[in-house]
Amino acid sequence: MTLRIAILGAGRIGQVHAKAVSFNPDATLVAVTDAFPEAAERLVATYGGEIRSMDQIETAGDVDAVIICTPTDTHADLIERFARAGKAIFCEKPVDLDVTRVEACLATVRDTGAHLMVGFNRRFDPHFVALKGAIEAGQIGDVEQITITSRDPGLPPREYIGVSGGIFRDMTIHDFDMARFLLGEEVKNVYATASALVDPSIRELSDFDTATVVLKTESGKQVVIQNSRRATYGYDQRIEVHGSKGMVHAENQRPVSIEVATEAGYTRPPLHDFFMTRYLAAYDAELTGFISALTQNVPMPVTGEDGLKALKLAEAAVESVATGKTVSV
């Protein structure tokens with residue numbers, strides 16, 4: 001079976017997914033739509049398919065699945081629309097910034113029997129997959145503590161910050177999902193503290209650029225998440241998991257992994273400076289997971305419920321910063 005796919009939104013992430021589709025032998029890109037015709041034309045010229053309207057894709061008999069790469073405030077409506085149209089759906093995170101709206105959307109997905117996968121690409125990063133494999137193989141015993149470091153090289157544009165939903169819903173939500181992925185049990189308590197240290201004016205947008213979150217499960221397992229919008233040395237992405245028998249650590253990645261030793265000391269090339277290059281392999285593997293789930297008729301590797309639970313942790317972090325208290329989930 002060859003999965004026939006349409007991409008909704010031909011921007012930066014749409015281009016990434018179109019490339020992954022074009023290289024997958026079990027899928028083909030049939031159609032593309034975008035509010036800006038030039039963007040759709042560029043994508044089609046590079047990866048194939050044809051430009052269609054949203055209405056045409058909705059009713060198309062030659063489209064099995066859609067990949068939603070449109071702005072966040074359109075995600076829930078589009079999921080519901082294409083679920084009712086009988087299409088399988090891959091949607092970039094988040095489904096929505098509001099928990100109630102996500103719950104209503106997922107109810108529609110259940111009622112229609114639609115297949116939905118939410119895009120938490122870091123679960124598919126080969127280094128984090130290997131880390132998870134070491135845990136599942138029992139190499140470090142029972143997980144006790146996890147430290148997740150996620151720091152961006154710089155601030156996103158102010159216009160993006162204003163519509164992003166804030167650092168916890170936009171940035172830390174990836175780390176909340178990774179914590180759930182590695183813990184093997186649900187988080188029960190959330191404590192968060194946050195500041196505007198990179199740009200104090202971000203407070204005018206009711207947001208922060210520096211945050212630390214502590215998670216705790218019912219059995220006592222602990223996770224510390226550290227976020228910053230300023231890492232002068234590159235895109236800082238590390239995870240350490242400590243267990244009863246040892247520790248496993250996923251280090252930062254570089255475009256070139258070499259080390260030069262001279263009389264001046266040891267030097268290594270800089271880190272990746274952008275998430276699109278650091279997680280390129282993860283994006284490819286993520287879409288392969290979506291396509292394989294449909295062609296092999298197996299459960300989606302990341303579900304709408306996963307997206308909802310990560311968002312609830314983000315909401316708890318927002319509440320914790322506002323109140324200064326630990327929040328029960």
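Brief remarks on what is shown
- Restricting segment 86-119 to residues that are of a type in the set (Val, Ile, Thr) and touching a residue at least 60 places away in the same chain (Cβ under 8 Å), the residue that is farthest from Gly166 (Cα to Cα): Val109
Each row is one residue, and each column tells you yes or no for (1) over 20 Å from Ile79 (Cα atoms); (2) touching a residue at least 12 places away in the same chain (Cβ under 8 Å); (3) of a type in the set (D, E, K, R).
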position	(1), (2), (3)
Leu3	no, yes, no
Ala6	no, yes, no
Gly9	no, yes, no
Ile13	no, yes, no
His17	no, yes, no
Ala20	yes, yes, no
Asp26	yes, yes, yes
Phe36	yes, yes, no
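- In segment 33-72, residue nearest to Gln15 (Cα to Cα) [restricted to those that are polar (S, T, N, Q) and more than 23 Å from the chain's Cα centre (by Cα)]: Thr46
- Yes/no for Ala27 being in contact with a helix residue (DSSP H, G or I) (Cβ under 6 Å, 6 or more places away or on another chain), more than 28 Å from Tyr160 (Cβ to Cβ), surrounded by 21 or more Cβ atoms within 10 Å (Cβ to Cβ) and at pLDDT 95 or above: yes
- Of the residues Asp73, Asp62, Asp34, the single one that is surrounded by fewer than 15 Cβ atoms within 10 Å (Cβ to Cβ) and touching a Leu at 6+ places or on another chain (Cβ under 9 Å) is Asp73.
- Any helices (runs of 4 or more DSSP H) falling wholly within segment 15-131 and containing at least 1 residues that are closer than 22 Å to Ala282 by Cβ: 37-47, 75-84
- Yes/no for Arg268 being within 16 Å of Pro153 (Cβ to Cβ) and not β-branched (Val, Ile, Thr): no
- Count - residues of segment 209-247 that are aromatic (Phe, Trp, Tyr) and either assigned to a strand (DSSP E or B) or farther than 20 Å from Asp177 by Cα (or both): 1
- Residues within segment 256-269 that are surrounded by fewer than 12 Cβ atoms within 10 Å (Cβ to Cβ) and assigned to a loop (DSSP other than H, G, I, E, B), tallied: 6
- Which listed residue is modelled with pLDDT under 95 and not acidic (Asp, Glu), from Val248, Val256, Val241: Val256
- Some residue of segment 193-207 being polar (S, T, N, Q) and under 20 Å from the mean Cα position of the chain (by Cα): no
- Qualifying positions in segment 133-154 - within 30 Å of Leu294 (Cβ to Cβ) and surrounded by fewer than 19 Cβ atoms within 10 Å (Cβ to Cβ): Gly133, Ala134, Glu136, Ala137
- Conditions (1) in contact with a Pro (Cβ under 7 Å, 6 or more places away or on another chain); (2) surrounded by fewer than 18 Cβ atoms within 10 Å (Cβ to Cβ): number failed by Ile173: (2)
- All told, Glu185 falls short of being without any contact (Cβ under 8 Å) to a residue 40 or more places away in the chain and part of a helix (DSSP H, G or I).
- Residue that is nearest to Arg122 (Cα to Cα), among those in segment 230-253 that are among the basic types (Lys, Arg) and touching a Gly at 6+ places or on another chain (Cβ under 7 Å): Arg230
The values are calculated or read from the model by the stated rules, or taken from the named source; none is laboratory data. Since the structure is predicted, the reported quantities are computational estimates derived from the model, not experimental observations. Please note: Cβ atoms are built from the backbone with ideal geometry, for glycine as well, and neighbour counts cover all protein chains shown.
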